[in-house]
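The values are calculated or read from the model by the stated rules, or taken from the named source; none is laboratory data. Since the structure is predicted, the reported quantities are computational estimates derived from the model, not experimental observations. Cβ: placed from backbone, ideal geometry, glycine included. Neighbour counts: every protein chain shown.
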Amino acid sequence: MKLFYQCLLFLCLISCAPKKEASQVNPIENKVWMQDFIKQIKDNPFPVKAMIVSYTYKNETVYLLDPCYQCPDAISTLYNAKHDKLCTFGGMMPNTNNCPDFFDTATDKKVLWKNFDE
């Protein structure tokens with residue numbers, strides 16, 4: 001009987017384990033298109049610095065996928081949570097910037113993934 005109560009107590013304790021809040025969940029875990037981006041970077045035979053950064057822009061969470069961080073000719077793309085393309089930045093000729101106000105108005109910058117140390 002004592003063993004029964006010990007098992008019951010154990011089950012109660014593990015069922016009370018804290019759950020991850022929505023703010024603690026990394027969006028990469030449930031967005032296949034971000035996982036695909038990371039896989040492409042990792043599979044690239046030429047190593048590049050890449051990153052995924054989230055921001056708040058125009059009252060929604062957006063994700064900037066930068067396939068070549070600080071490469072002047074690379075094009076970074078901004079997506080919303082549904083993977084709709086919102087803007088592109090970069091390139092040499094002509095330089096693309098579909099959202100000229102983005103870097104002035106975006107807030108809550110969070111680096112979600114990067115493959116380099118600064």
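When the residues of region 58-75 are filtered to those that are of a type in the set (D, E, K, R) and in a loop (DSSP other than H, G, I, E, B), the one that is nearest to ASN115 (Cα to Cα) is ASP73.
In region 71-109, of all residues being in contact with a Ser or Thr (Cβ under 8 Å, 6 or more places away or on another chain) and closer than 16 Å to ALA50 by Cβ, the one that is modelled with the lowest pLDDT corresponds to GLY90. Inside region 76-96, can you point out the residues that are in contact with a strand residue (DSSP E or B) (Cβ under 7 Å, 6 or more places away or on another chain) and either crowded, with 16+ Cβ neighbours inside 10 Å or part of a loop (DSSP other than H, G, I, E, B) (or both)? Listed by number, the residues that qualify are SER76, THR77, LEU78, TYR79, ALA81, LEU86, CYS87, PHE89, GLY90, GLY91. Of all residues in region 27-57, how many are without any contact (Cβ under 8 Å) to a residue 40 or more places away in the chain, in a loop (DSSP other than H, G, I, E, B) and under 23 Å from CYS99 (Cβ atoms)? So the answer is 0. Figure legend. Inter-residue proximity from region 98-116: first residues assigned to a loop (DSSP other than H, G, I, E, B), second residues among the basic types (Lys, Arg), beta-carbon distance below 8 Å, spacing 6+ or different chains. Indicated pairs: ASN115/LYS42; ASN115/LYS49; PHE116/LYS49.
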